[in-house]
Amino acid sequence: MDRIARRNLLNNIMLSLTGVCTFLTVSVLFVILGFLVWNGIGSVDWNFFTKLPLAPGELGGGMANAIVGSGVVILIAVVIGVPVGFLGGIYLAEFGGKTVPMMIRYTADLLNGVPSIVIGIFAWTILVVPMRHFSAWAGGFALSLMMVPIGLRATEQFLRGVPNSLREGSLALGASKTRTILSVIVPAAKQGILTGLILGVARVAGETAPLLFTSLNNQFWATSANEPTATLPVMIFTHAISPYEDWHRQAWAAGLVLLALVLVANLAARWVLSRGVAAQRG
Amino acid sequence: MTKQVFLTGLLALGTAVALPAAETINAAGATFPGPIYQKWFEEYHKAHPDVQINYQAIGSGGGIRQLTEGTVDFGASDMPMTDEQIKDVVTKRHFKPLHFPTVLGGIVPTYNVAGVNTELKFSGETLAGIFLGDITKWNDAAIKKDNPGVNLPNEDITVAHRSDSSGTSFVFTDYLSKVSPKWKSKVGANTSVNWPVGLGGKGNEGVAGLVKQTPNSIGYVELIYAVQNKMGYGSVKNAAGNFVKADFNTVTEAAAGAAQNMPDDFRVSITSAAGKNAYPISTFTWLLIPDKIENAAKKKAITEFLKWMMAAGQGDAQGLSYAPLPKTVVSKEEKQVALIK
Amino acid sequence: MAAPPQSRARKFVKLLVNGDQVSHLVTLLFAGSVFLVTVMLVYQLWIHSEPSRGKFGFSFLWKQVWDPVTGEFGAWPFIYGTVVTSIVALLISVPLGVGAAIFLAELAPPRLSNACTFLVELLAAVPSVIYGLLALFTLVPLMRSYIEPFLKKTLGFLPWFTGPAYGLGYLTAALILAIMTFPFIISISRESLLAVPREQREAALALGATQWESTWKVVVPYARLGIIGSVFLALARALGETMAVTMVIGNNTSVHASLLAPGYTIAAVIANEFTEATDAVHLSSLVELGLVLFGLTMVLNAMAQLLILATTGKGSKRD
């Protein structure tokens, strides 16, 4: 075989291989989704969304408090984590010099790499023990620690992506730096930042370990954010490791609902991003 | 738009914080009695809607730690607290934890051996030998001696144990320490030990899953777990020399012997108990209640619950594969309730 | 006409909005809080690991025993397990991930590329518990009944593929970690490849290269630093992954050469034993393990940071 034919053959083989790689990696998601649907769809009924969990062996229970609890805990995480990520990202992109931003970026990446269980234990030590009770606040705080590095990175990245011409134009018109950031740069990077924040939410929505020692869990409705609160990931965990068949099915159902919620959040992020990009081009 | 969303969110949070909290009592501890505690607290709440007892099964050690740090109102444990742990609680929280036995349970050896459909019998030394790694094949002489006539294959034994610390492991290793001096000196008894051989599964379901899926394997799980999942389990030789299978009666009998000599603080181990049909791997499980509860409403709720638990609550035990407390233990416990100030 | 005189309150508000010093300070405070929290975290890890650090010193890092009953603890089996599973995970996921990234960046039509990337990024959102359960029910039996016996038959002469086929072990844990790191490698590598200027590809093709040669010899090296950066980020995730790993690794505290053997990782043992550890030395040893893992992550992140710093020099997307 002459050289050109050999090179063409190699070309075809390698390119097909990359297609195979893609197929393998993407198909994993379908396997996961398929498994959850197969095992859990039967338990996703009206009761699931409206009733409290019942003792094993009793049918008709649900995870209403866990769905709401997850919402509360994530809301707290967002209220704490989003400003820190957003404003911190602005600092890194617009105000910082060389060393301080580098240090902060490095520690944010370190925080990103800390195992979720260690974050949970940390939040337990500094919040739960002094407060002497478990609470949704502590859970939200732990989750915010995991959200911040993602938001920080995304904000900085997308702010840096805004062309310098916009900055210079605004400054040339006499606006202060603050006004430039607020009125020009952030709106220009708005979609990207939003994506980063939504991805941060998606990531923490499924985390279990940080919640085990902070918001704990609750069979009943928590009447305030100051009490142990039920959340979907912890419910999945406790139900999946129990001996009971119907609790296992509920665990799969909860997994399906959780994944569906995260899928919706991701879709929302993408849709908002694509609309923003189209608007900018137009 | 974003401003409005943000403000609404803050308002919602504010209301969430401002709502008056109902009388919620938080408790945490052992996973072993988790199912029956959940049932009890649910039933009790239905009968007394103003009392909510939220119990979370985070493990016996977890319950002890949270009680020591004061993050829960009471705890639960499969093992009695050590003197050191009790001293710690007294120092940090200024009350003494009282042990209240609630139910009894058993731990069973579960196995998956090719070609064996009958129930296997295990003597204490054999079990210790298997978990020590001294007995490595299913057709070992020791196992054959306990099971005459059973066709055991010439296969390696795969041992499954708990990877996570647990009261179940504590009771099992406590039993092995009593029947095997070698186990006692080499490994010892604890919620988490340095297992000489075997794979670690997380939780009962991890061990059960391991045994179910691995041919020629053996593990230990709580009785309730084996029953709920319809797993086969063997009988164990007790101190009296009989091979006994764990069930309601045999576990109760193990406690009956201990009931005679029950110490005042109820801290006792009933593994390898005396009694003709006593199941040797049985255990009490305890609620750890402070002897001083400042909040009057909480104190009333907890003491009322304890009284209910010792009477009506005991009726739920058998349905969930636990054994209720012997009457002599109950009457002694009722006196301890009065100690709660 | 001159503007009307303003009240002092309005002047103050204007100063706030126009005053760059204030916003500089405010944003610095928020950014600094990240630094502060991380320092607090390390501090907590440091002081709570004092009993075991005092008792074992540096020997903690290479001791091989983990015995809660006698109070002897050593980190080596966990360090070994963590490093082995993470490296094998990367050995699996980097070729697959970079291959998929190449396909998505160079070959796939844009809509397919975006759709597939979106799907792969969803993998990042699947809770770790579900990965673990899925692996238990599907991957472990598959490994035990088919894959591991096959490996033993073909590669059994190597020390890495000996021993009984349990289905649980380093290899299974590495596989599940590989799946969990796909999103990072594919997504970021794809971005890096897309950032390579068209002229590079066209130049290569103009010189007569096949598409594969243009991609492999020109585009990928150009995007090399971004791809390597993604690998380090994936590695950081793999090192800290807890739930999924503890369900499939077999949780055995000894060191084995064979990948088919059961093992343990730092994150897994902390998750398994932390709630129940009541003995002071046991507890502090677990915390010290957390400190060791933090140290490992620090080293790796420093390397990733340097590489990414170098990347922003080449091929960044500013105008």
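The values are calculated or read from the model by the stated rules, or taken from the named source; none is laboratory data. Everything quoted here is computed from the prediction, not taken from an experiment. Don't worry about glycine lacking a Cβ; one is built from the backbone with ideal geometry, like all the others, and counts go over all protein chains shown.
Yes or no, residue by residue, for (1) at pLDDT below 85; (2) within 7 Å of another protein chain (Cβ to nearest Cβ); (3) surrounded by fewer than 19 Cβ atoms within 10 Å (Cβ to Cβ):
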| site | (1), (2), (3) |
| --- | --- |
| A:Arg6 | no, no, yes |
| A:Val68 | no, no, yes |
| A:Val73 | no, no, no |
| A:Ile76 | no, no, no |
| A:Val82 | no, no, no |
| A:Gly89 | no, no, no |
| A:Tyr106 | yes, yes, yes |
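Counting only helices (runs of 4 or more DSSP H) that sit wholly inside segment B:146-249, those with at least 2 residues that are farther than 30 Å from C:Ala244 by Cα are B:167-179, B:181-186. Is one or more of the residues making up segment C:256-273 among the aliphatic types (A, V, I, L, M) and modelled with pLDDT under 80? Checked segment C:256-273: no residue is among the aliphatic types (A, V, I, L, M) and modelled with pLDDT under 80. Of the residues making up segment B:273-303, those that are surrounded by 15 or more Cβ atoms within 10 Å (Cβ to Cβ) and closer than 18 Å to B:Gln52 by Cβ are B:Leu287, B:Ile289, B:Ile293, B:Lys298, B:Lys299, B:Ala301, B:Ile302, B:Thr303. Scanning segment A:200-220 for residues that are over 21 Å from C:Ile270 (Cβ atoms) and more than 9 Å from every other protein chain (Cβ to nearest Cβ) turns up A:Gly200, A:Val201. Scanning segment C:199-228 for residues that are surrounded by 24 or more Cβ atoms within 10 Å (Cβ to Cβ) and either within 12 Å of another protein chain (Cβ to nearest Cβ) or of a type in the set (Phe, Trp, Tyr) (or both) yields a count of 1.
Do we find that C:Leu123 is in a helix (DSSP H, G or I), more than 30 Å from C:Gly263 (Cα to Cα) and either more than 8 Å from chain A (Cβ to nearest Cβ) or not hydroxyl-bearing (Ser, Thr, Tyr) (or both) in this structure? No; evaluated as a whole, the condition is false for this residue.
Would you point out which residue out of C:Leu171, C:Leu90 is in a helix (DSSP H, G or I), surrounded by fewer than 22 Cβ atoms within 10 Å (Cβ to Cβ) and within 19 Å of the chain's Cα centre (by Cα)? Before the answer, list the steps.
Numbers: C:Leu171 fails: surrounded by fewer than 22 Cβ atoms within 10 Å (Cβ to Cβ).
Only one candidate qualifies: C:Leu90.
With respect to the conditions (1) assigned by TED's automatic domain parsing to the domain that holds B:Ser331; (2) of a type outside the set (Gly, Ala, Ser); (3) in contact (Cβ under 8 Å) with a residue 24 or more places away in the chain, B:Val159 falls short on a single one, namely (1). Any residue that is surrounded by 13 or more Cβ atoms within 10 Å (Cβ to Cβ), within 14 Å of chain C (Cβ to nearest Cβ), of a type in the set (Gly, Ala, Ser) and part of a helix (DSSP H, G or I) - is there at least one of those in segment A:23-34? Checked segment A:23-34: no residue is surrounded by 13 or more Cβ atoms within 10 Å (Cβ to Cβ), within 14 Å of chain C (Cβ to nearest Cβ), of a type in the set (Gly, Ala, Ser) and part of a helix (DSSP H, G or I). Under the condition of being surrounded by 23 or more Cβ atoms within 10 Å (Cβ to Cβ) and among the hydroxyl-bearing types (Ser, Thr, Tyr), the residues counted in segment B:41-67 number 2. Please specify each residue of segment B:252-268 satisfying the condition of being among the charged types (D, E, K, R) and crowded, with 17+ Cβ neighbours inside 10 Å. Residues satisfying the conditions are B:Glu253, B:Arg267.
Would you confirm whether or not segment A:177-196 contains a residue that is within 18 Å of A:Ile80 (Cβ to Cβ) and either of a type in the set (Val, Ile, Thr) or buried (at least 21 other Cβ atoms within 10 Å of the Cβ) (or both)? Within segment A:177-196, one or more residues are within 18 Å of A:Ile80 (Cβ to Cβ) and either of a type in the set (Val, Ile, Thr) or buried (at least 21 other Cβ atoms within 10 Å of the Cβ) (or both).
Yes/no matrix, rows are residues, columns are (1) of a type outside the set (Gly, Ala, Ser); (2) more than 14 Å from chain C (Cβ to nearest Cβ); (3) surrounded by fewer than 18 Cβ atoms within 10 Å (Cβ to Cβ):
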residue	(1), (2), (3)
B:Thr118	yes, yes, yes
B:Phe122	yes, yes, no
B:Thr126	yes, yes, no
B:Trp138	yes, yes, no
B:Ile143	yes, yes, no
B:Asn147	yes, yes, no
B:Asn151	yes, yes, yes
B:Ile157	yes, no, no
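Within segment C:66-93, being aliphatic (A, V, I, L, M) and at pLDDT 85 or above holds for C:Ala75, C:Ile79, C:Val83, C:Val84, C:Ile87, C:Val88, C:Ala89, C:Leu90, C:Leu91, C:Ile92. Residues in segment C:99-112 that are buried (at least 19 other Cβ atoms within 10 Å of the Cβ) and in a helix (DSSP H, G or I): 8 in all. Pairs linking a residue in segment B:169-194 that is free of Cβ contacts under 8 Å to residues at least 24 places away in the same chain to a residue that is of a type in the set (Lys, Arg) and part of a helix (DSSP H, G or I), with Cβ atoms under 8 Å and 6 or more positions apart or on different chains, are B:Ser177/B:Lys184; B:Lys184/B:Lys178.
Inspect all residues belonging to segment C:216-239 and state whether any of them is in a helix (DSSP H, G or I), in the same structural domain as C:Ser93 (by TED's automatic domain parsing), over 27 Å from the mean Cα position of the chain (by Cα) and under 17 Å from C:Ile102 (Cα atoms).
Within segment C:216-239 (the criterion being in a helix (DSSP H, G or I), in the same structural domain as C:Ser93 (by TED's automatic domain parsing), over 27 Å from the mean Cα position of the chain (by Cα) and under 17 Å from C:Ile102 (Cα atoms)), the answer is yes, since at least one residue qualifies.
Look at A:Val201 and say whether it is surrounded by fewer than 22 Cβ atoms within 10 Å (Cβ to Cβ), in the same structural domain as A:Ala64 (by TED's automatic domain parsing) and either more than 20 Å from the chain's Cα centre (by Cα) or at negative phi (or both). The answer is no for A:Val201. For segment B:34-63, a tally of residues being within 14 Å of chain C (Cβ to nearest Cβ) and in contact (Cβ under 8 Å) with a residue 40 or more places away in the chain returns 4.
Considering only residues that are among the acidic types (Asp, Glu) and over 21 Å from the mean Cα position of the chain (by Cα), look in segment B:133-192 and name the one that is nearest to C:Ala165 (Cα to Cα).
Across segment B:133-192, the extreme among qualifying residues is B:Asp156.
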